[in-house]
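Asker: Mind looking over this structure? Questions follow.
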Amino acid sequence: MASPAPRTGMPAGETAPDELAPVGSPVAGSRMKRWLLVAGLLAFGALLITLRLTGAQPPGEAVPIMGRIHIPSPDSPHEPYNSSPPTSGPHVGGDAPLPGIYSTKIPYERLVHSLEHGHVVLYYGPDVTEAELSAAKRLHDRFSDRVLVVPSPEGAPGLVLTSWGRILRLERLHYSEMERFVRAWGGRDWHAPE
């Protein structure tokens with residue numbers, strides 16, 4: 001007895017073209033995967049072109065990573081940092097300072113540990129205006145789980161943001177750039193896999 005012809009009207013033994021495949025069939029599923037792949041590639045290409053045309057670069061300046069050596073205390077001798085303020089390198093282990101707004105100076109050797117935990121440290125100098133300090137506090141309020149606002153331990157002027165391996169020095173208040181830095185680099189845990 002001959003098998004009935006498929007519903008597509010195709011002769012027995014022939015497969016229906018993709019566009020005639022019933023919903024939920026393996027053929028329709030592979031078609032959907034192809035379209036999703038093509039759409040994804042087009043979207044990625046558009047993003048790359050947009051970044052290239054706008055000249056968008058990751059916020060801040062890259063600083064070579066110095067490593068993750070733990071030292072017993074902030075006063076312990078260690079290799080000098082390769083940036084000021086530091087973005088990686090020797091630091092005190094144990095509890096890292098948590099995100100918050102601080103009015104007292106915290107040693108770099110403790111703050112670097114916070115960077116390693118994915119926090120952003122925003123340093124403010126003695127010369128900052130009320131508007132700049134207010135913007136720094138507003139940034140913390142917006143990203144309270146990842147930003148520490150601290151006075152510069154060296155008393156360096158202006159506003160400087162650091163994350164693990166990145167630094168952003170601001171000559172003038174630029175809130176959107178500060179926010180962009182935190183969005184790009186805050187919240188990433190930089191601990192090496194053990």
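Asker: Can you pull out every residue in the range 67-95 that is in a loop (DSSP other than H, G, I, E, B) and either among the β-branched types (Val, Ile, Thr) or within 19 Å of Ser144 (Cβ to Cβ) (or both)?
Answerer: Ile69, Thr87, Asp95
Asker: Also, quick follow-up: Please name all residue pairs, on different chains or six or more residues apart, with Cβ atoms under 6 Å, provided the first residue is in the range 81-105 and is among the charged types (D, E, K, R) and the second residue is surrounded by fewer than 14 Cβ atoms within 10 Å (Cβ to Cβ) and assigned to a loop (DSSP other than H, G, I, E, B).
Answerer: Listed pairs, sorted by first residue: none to list.
Asker: Shifting gears a bit: Would you point out the residue of the range 62-83, among those that are touching a Pro at 6+ places or on another chain (Cβ under 8 Å) and hydrophobic (A, V, I, L, M, F, W, C), that is surrounded by the most Cβ atoms within 10 Å (Cβ to Cβ)?
Answerer: Met66
Asker: All but one of (1) within 22 Å of the chain's Cα centre (by Cα); (2) among the hydrophobic types (A, V, I, L, M, F, W, C); (3) surrounded by 15 or more Cβ atoms within 10 Å (Cβ to Cβ) hold for Ile106, so report the exception by its number.
Answerer: (1)
Asker: Tell me, which strands (runs of 3 or more DSSP E) lie completely within the range 129-194 with 1 or more residues that are in contact (Cβ under 8 Å) with a residue 12 or more places away in the chain and over 16 Å from Pro59 (Cβ atoms)?
Answerer: Hits in the range 129-194: 147-151.
Asker: Still on this structure, I have one more. Listed residues Leu122, Leu98; which is outside any helix (DSSP H, G or I), among the aliphatic types (A, V, I, L, M) and open to solvent by 30 Å² or more (accessible area, probe 1.4 Å)? Let's see the steps before the verdict.
Answerer: Working: Leu122 fails: open to solvent by 30 Å² or more (accessible area, probe 1.4 Å).
Result of the check over Leu122, Leu98: Leu98.
The values are calculated or read from the model by the stated rules, or taken from the named source; none is laboratory data. Keep in mind the model is a prediction, meaning the values are calculated, not measured. Every residue, glycine among them, receives a Cβ derived from its backbone with ideal geometry; neighbour counts consider all protein chains shown. Protein only, heavy atoms only, side chains kept; ligands, DNA and RNA dropped before computing areas. Shrake-Rupley method; radii C 1.70, N 1.55, O 1.52, S 1.80 Å.
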